[in-house]
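The values are calculated or read from the model by the stated rules, or taken from the named source; none is laboratory data. These numbers come from a predicted model, not from an experiment. Neighbour counts run over all protein chains shown; Cβ positions are idealised from the backbone, glycine included.
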Amino acid sequence: MPIRVLTSAVTLVGAMGLSILPLGCSSQGSEEAALGTHVDAIVGNGRAYSPVVVRQIVQATGSFPSMTNVTSETDAGSNNFTVQLNTNRFDTSVCAGMGPNCKGWQQFVFSNAIHAIWLEEYLLNSGYPTFPCPAAFEHHSTTDGYCRHVSSSGSNRTIPGIDITELTSVSLVASASPSGDEMQLTTPDGVYTASETSVLDLANSQWNSVEFNVFGSGARSRAAFNDDGATLGVGVSLVLDDDSQAEPACQIEGGTTGETNNLTLVSGSCCPAGGPPRITFLESNDAAVRAPYCPLTNNVAEMVAAFL
């Protein structure tokens with residue numbers, strides 16, 4: 001079922017002086033194509049391969065274990081992209097007193113355009129204006145009721161920019177605990193963190209799915225890779241609240257962000273595995289790229305590399 005587009009823009013005024021680019025929620029999804037063909041849709045805006053589990057996720061790690069023929073990326077400028085790790089929509093106590101369809105949603109974001117990482121939280125379908133946004137949240141839509149929160153304490157604007165060809169050296173870890181939420185970004189230049197007291201009580205939510213990928217820089221924009229055979233391998237690994245090791249399900253319509261890239265998911269390439277729970281998959285603008293049967297190995301990097 002299509003999901004109505006929700007977008008926003010906010011400028012955070014505070015000690016960080018951080019100008020947060022507008023991000024959005026997904027608006028669509030459709031059925032997967034036949035095995036061995038590309039899924040006929042761009043990555044993002046509702047389309048993603050996502051691991052889904054029954055238990056509560058307490059930590060998720062996203063990475064790009066392989067890359068072939070990636071030479072450039074543009075979005076109103078070279079190397080303007082975000083790397084996002086996004087939760088599913090979930091029930092949260094912060095929705096108490098809001099509209100009956102209110103859900104929480106959280107993003108962990110690295111913006112290469114403004115050299116920053118940050119955490120941001122949403123109340124989707126909050127019922128605004130009938131139900132005003134809670135304290136610390138702001139309303140950012142005239143047609144759909146939802147509220148957004150970004151805090152300077154959950155931001156870090158000290159990240160050197162990277163080239164798109166360095167994505168295989170990038171990973172993003174998102175963690176939720178009773179003491180707060182945290183993200184850790186690793187790039188060729190170092191390790192960078194941001195954390196904050198949990199706004200949506202993510203550690204006690206129904207966080208059971210993850211979207212991870214490289215997307216446009218904001219406002220539902222698109223990261224455009226070179227169009228001559230760019231292929232990217234993506235991996236997501238999970239830690240669950242009971243430390244269970246069973247493989248997750250692989251969901252194709254698990255996307256929640258409104259940003260996109262110009263690659264397409266390679267059908268049949270989503271390989272779930274256990275110990276730890278994880279998936280790997282391919283996306284490409286090369287129509288000749290195909291995925292064999294999986295899983296091929298218990299090593300994420302070897303599994304994705306074997307597809308290429």
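So the values come out like this:
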| item | result |
| --- | --- |
| Residue match in segment 188-197 (condition: hydrophobic (A, V, I, L, M, F, W, C) and free of Cβ contacts under 8 Å to residues at least 12 places away in the same chain) | yes |
| Scope segment 47-66; condition surrounded by fewer than 21 Cβ atoms within 10 Å (Cβ to Cβ) and touching a helix residue (DSSP H, G or I) at 6+ places or on another chain (Cβ under 6 Å); matching residues | 65 |
| Pairs with Cβ under 9 Å, 6+ apart, first in segment 110-130 and within 25 Å of residue 96 (Cα to Cα), second among the acidic types (Asp, Glu) and assigned to a strand (DSSP E or B) | 119/181; 119/182; 119/196; 121/181 |
| Among residues of segment 70-112, those that are over 18 Å from residue 236 (Cα atoms) and aromatic (Phe, Trp, Tyr), counted | 3 |
| Output for segment 48-86, where each listed residue is among the polar types (S, T, N, Q), closer than 17 Å to residue 283 by Cα and touching a Gly at 6+ places or on another chain (Cβ under 8 Å) | 50, 63, 66, 68, 69, 82 |
| Yes/no for residue 176 being part of a loop (DSSP other than H, G, I, E, B), hydrophobic (A, V, I, L, M, F, W, C) and either under 17 Å from residue 93 (Cα atoms) or at pLDDT below 95 (or both) | no |
| Filter result (surrounded by fewer than 21 Cβ atoms within 10 Å (Cβ to Cβ) and either in contact with a strand residue (DSSP E or B) (Cβ under 6 Å, 6 or more places away or on another chain) or not in a loop (DSSP other than H, G, I, E, B) (or both)) within segment 226-239 | 239 |
| Residue selected from segment 109-164 under the condition at pLDDT below 95 and at positive phi, by the criterion surrounded by the fewest Cβ atoms within 10 Å (Cβ to Cβ) | 136 |
| Conditions (1) over 18 Å from residue 66 (Cβ atoms); (2) not in a strand (DSSP E or B): number failed by residue 268 | (1) |
| Neighbours by Cβ (under 7 Å, 6+ apart or cross-chain): first from segment 282-299, more than 17 Å from residue 67 (Cβ to Cβ) and assigned to a loop (DSSP other than H, G, I, E, B); second modelled with pLDDT under 65 and among the charged types (D, E, K, R) | none |
| Residues (more than 17 Å from residue 47 (Cβ to Cβ) and at pLDDT below 95) located in segment 248-271 | 271 |
| Tally, over segment 21-78, of residues that are at pLDDT below 60 and within 20 Å of residue 109 (Cβ to Cβ) | 5 |
| Scan of segment 97-108 for residues that are buried (at least 18 other Cβ atoms within 10 Å of the Cβ) and farther than 29 Å from residue 61 by Cα, ordered by number | 98 |
| Single residue of segment 271-281 satisfying the filter (of a type outside the set (Gly, Ala, Ser) and in a loop (DSSP other than H, G, I, E, B)) that is surrounded by the most Cβ atoms within 10 Å (Cβ to Cβ) | 277 |
| Single residue of 219, 203 found to be surrounded by fewer than 23 Cβ atoms within 10 Å (Cβ to Cβ), in contact with a Pro (Cβ under 7 Å, 6 or more places away or on another chain) and closer than 30 Å to residue 285 by Cα | 219 |
| Residues being of a type in the set (Phe, Trp, Tyr) and touching an Asp or Glu at 6+ places or on another chain (Cβ under 9 Å) - total across segment 67-95 | 1 |
| Qualifying residue in segment 243-262 (condition: more than 23 Å from residue 124 (Cα to Cα), crowded, with 24+ Cβ neighbours inside 10 Å and either in contact with a helix residue (DSSP H, G or I) (Cβ under 7 Å, 6 or more places away or on another chain) or small (Gly, Ala, Ser) (or both)) | no |
